[in-house]
Structure formats: C-alpha cells, structure tokens
1. Tell me which residues, restricted to the range 299-355, are touching a strand residue (DSSP E or B) at 6+ places or on another chain (Cβ under 8 Å) and open to solvent by 60 Å² or more (accessible area, probe 1.4 Å).
2. Residue pairs, Cβ under 8 Å, 6 or more apart or interchain, first in the range 240-256 and assigned to a helix (DSSP H, G or I), second of a type in the set (Lys, Arg). List them.
3. Here is a list: Gly214, Gly204. Which entry is open to solvent by 20 Å² or more (accessible area, probe 1.4 Å) and of a type in the set (Gly, Ala, Ser)?
4. If I ask for residues that are closer than 24 Å to Ile91 by Cα and open to solvent by 60 Å² or more (accessible area, probe 1.4 Å), which ones from the range 163-186 would you list?
5. Could you tell me which residue of the range 80-106 is surrounded by the fewest Cβ atoms within 10 Å (Cβ to Cβ), considering only residues that are out of contact with any Leu (no Cβ under 9 Å at 6 or more places or on another chain) and at pLDDT 80 or above?
6. Would you point out the residue of the range 217-245, among those that are open to solvent by less than 40 Å² (accessible area, probe 1.4 Å) and touching a Ser or Thr at 6+ places or on another chain (Cβ under 9 Å), that is nearest to Asn331 (Cα to Cα)?
Amino acid sequence: AEYMGETLRKKKIMTTFNIGSDALTNVLKINTGQGSQEKALQTVDVLLNICGKSRWTTATQMLEDLREAGKKLIQSVPNEMVVGNVVRRVIHIVREEFHAILSEDPTKSTDTNTEQKRGALRPELVTFFLQSRIDFNKPMTLEQVKNFKAQVVESIENLKTEISNSHDTITEQAVQHIHHNEVILVYGYSTTVHKFLTEAARKGLAFGVFVAEGSDCSGHNMARALATSYPTKIQVTLIPDSSIFALMSRINMVVLGASAVLANGGLLAKSGVHLLTLAAKQHAVPVIVCAGLHKLSPLFPSTRDSFTTLASPSSVLPSDIEIPPTLQPLNPMQDYVPPELIWLFITNSGSYNTTYIYKLLADIYSEADYQL
C-alpha cells in the first residue's frame with residue numbers, strides 16, 4: 001500500500017509538472033528573443049506550481065520532485081543556464097526552510113545553537129555543516145508539513161520578486177559607476193545595460209556611448225533605444241566591430257551584459273565579447289558586467305568551449321556561396337570570457353570583484369545541488 005501510494009503521488013506530481021514544463025518549453029523555444037529574466041520567472045512559476053500542488057510527508061520527497069523536474073527542464077532547454085540556476089535556488093530554499101523547521105524543534109535547538117556558536121565567524125561553513133547533518137527523511141507532523149509548505153511557497157514568491165526587481169536594483173547603482181562626460185562602450189543589445197545607462201542619464205549625467213554592432217547586429221536596436229531615450233544626455237555612436245580596437249584608447253569604461261556568470265568568475269556573453277575584453281585589457285580600460293544573481297551559475301568551465309553553443313552558419317554566410325568540402329564554418333552563439341578580463345560585477349545585491357563569486361555561490365546555492 002505504501003509503494004502504491006508513493007507511485008500515485010509521483011504520477012500526480014509529474015502530471016502537474018508536465019503541464020507546466022511543456023508550456024515553459026514551448027514558450028522558450030518559440031519566444032527566442034526573450035531575456036533571461038522572463039525565462040527565470042517562467043521557471044519559478046513551474047517549480048512553484050509543483051511545490052504548491054505536490055503531496056509529500058518528508059523533505060526528501062519534495063527535493064526529489066524538484067530535482068527530477070529540474071533535470072527535465074534543463075534537458076528540454078539545455079542552452080538556457082538560467083533555468084538550471086533557478087532550479088538550484090529553489091532546492092536551496094527547500095533545504096533552508098526544512099532546517100528552519102527543525103530548529104523550531106526543542107530537541108534540536110541545543111545542537112543547532114552549539115554549531116552556530118562554533119562557526120560564528122563563518123556562517124557559510126555553518127550552513128554547509130548543518131545541512132550535511134540534516135536527515136531530510138525525518139517524518140513531519142501535519143502541522144509541520146503545513147508550516148513547511150507555506151514557508152517554502154512564501155520564500156519562492158520572494159525569489160520571484162527578487163528576480164522581477166533585479167533590473168531596477170542594478171540600475172540604481174548606475175550613478176556610482178558612471179561619471180559626467182565619460183565615454184562608454186557597449187556591445188550589442190542588453191536590456192540590463194540599456195536600463196543601466198538610461199538610469200544614469202535620468203539622474204542628470206551626460207555622457208557618450210559607442211555601441212558596437214555585435215555578432216547578431218543587435219547593436220542597431222541598442223543605439224536606437226539609447227538615442228531616443230535621453231537624446232540630450234546620451235550621445236550615441238554606432239560602430240562596426242572592426243573599429244573596437246582602434247577606438248578603445250578613447251573609452252573610459254566598457255559595460256556588458258551576460259548570459260551567465262560562472263563559478264570561477266568567468267563570463268558567458270555574446271560572440272565577440274572576448275575579443276572586446278582583450279582589447280580593453282590592452283588599453284587598461286575597466287570592464288564591468290551587469291547581471292542579476294539568477295545568472296550566477298555554480299558550474300566551472302573545464303575548457304574554453306565547455307558551454308559554447310554553435311548556431312547554423314547560414315546566418316553569417318550568404319546563401320549562394322559555395323563552401324569547399326574541406327572548410328567547416330563555425331558560428332558560435334556565445335563567448336567565454338575568463339575572470340582576469342573582468343573588473344567588476346554589478347548584481348542586484350551589490351558590486352563584487354570576480355574573486356568574491358565563491359561567497360555568493362555559498363549564499364544562494366547548496367553544494368549538494370551543484371550537479372543535479
């Protein structure tokens with residue numbers, strides 16, 4: 001009877017998940033122009049639906065449901081690292097809330113307080129040590145299950161709010177980094193970078209912006225958007241990518257968006273950004289990256305091309321060109337930028353050096369979930 005009950009529970013939760021995941025997958029595949037923020041919010045909605053409608057008696061069952069759903073989501077959209085990041089954040093939330101439920105148990109309070117006193121100077125080590133000792137198979141009373149479920153749903157809603165407000169939180173820091181009459185270089189179109197620059201102009205700063213076209217020519221949209229936002233404050237110049245190195249000596253700062261920030265402080269961005277950052281390093285121009293915490297990934301790049309996705313070469317080659325059989329044209333969609341080429345990350349929780357990424361990882365993820 002217990003086995004049949006568990007089978008029916010899994011069947012019900014996977015039915016709920018399939019409805020949400022199919023809708024998410026279809027949206028992500030059809031709406032390829034979506035930003036990472038929208039994709040992250042859709043992923044949160046799917047996982048929130050699972051947490052709200054699933055039936056379980058232990059935290060392990062809930063973690064298994066989320067992990068299984070997360071694997072399917074990642075497999076369905078393997079090129080969207082933000083999906084995996086959100087799954088890990090939600091699983092980390094479940095672990096923390098279960099730890100909070102146990103902390104309310106008088107039989108557990110002494111051990112918890114003792115461990116917290118031992119590691120008061122290193123809270124991330126306390127969290128890791130405590131979670132490694134937690135028995136997630138421990139049965140809960142009906143009252144504990146109700147409280148646990150309510151706390152998990154509330155925390156996931158808070159995560160959704162954090163992601164929704166990430167652009168606003170990042171742009172509020174613009175006046176701390178942009179100064180009057182500076183010349184800034186951006187690459188292609190990025191929603192975060194666009195809002196970052198326009199917020200500085202809204203606060204009264206006047207500056208110039210060189211917009212590189214980018215490998216996907218999205219720089220045209222960026223230049224148009226900046227020029228129409230605050231024409232009296234932002235002087236916009238659209239340039240081809242071939243002019244980046246020649247103009248770099250006139251640039252005060254490079255501002256970039258990101259597809260993902262990796263665990264070593266490296267960056268995944270539009271194809272062509274790596275060459276731009278190399279030119280910036282040659283001229284000692286600071287490179288800052290605007291990225292929400294939902295883009296921070298705990299994965300390490302084993303090689304430079306570990307996360308490189310190749311697109312069809314038809315988008316960069318004329319349709320009537322004859323390609324020799326010995327030539328294999330490659331069209332990478334993203335570039336990996338090593339951490340030594342990045343000066344600063346501006347996130348919705350503050351500004352950080354690349355060497356501080358490890359601390360952010362410890363705050364928002366559980367090490368046990370780095371590999372789902």
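The values are calculated or read from the model by the stated rules, or taken from the named source; none is laboratory data. Worth saying up front: this structure is predicted, and the values here are computed from it rather than measured. Methodologically, a virtual Cβ is constructed for each residue, glycine included, from the backbone with ideal geometry; neighbour enumeration extends over all protein chains shown. These area figures cover heavy atoms from the full protein model, side chains too; ligands, DNA and RNA do not enter into them. Shrake-Rupley method; radii C 1.70, N 1.55, O 1.52, S 1.80 Å.
1. Arg304, Asp305, Leu310, Leu330, Met333, Trp343, Asn353
2. Note: no pairs meet the criteria.
3. Matching residue, one of Gly214, Gly204: Gly204.
4. Correct list: Asn165 only.
5. Ranking the qualifying residues of the range 80-106, first place goes to Ala100.
6. Ranking the qualifying residues of the range 217-245, first place goes to Ser218.
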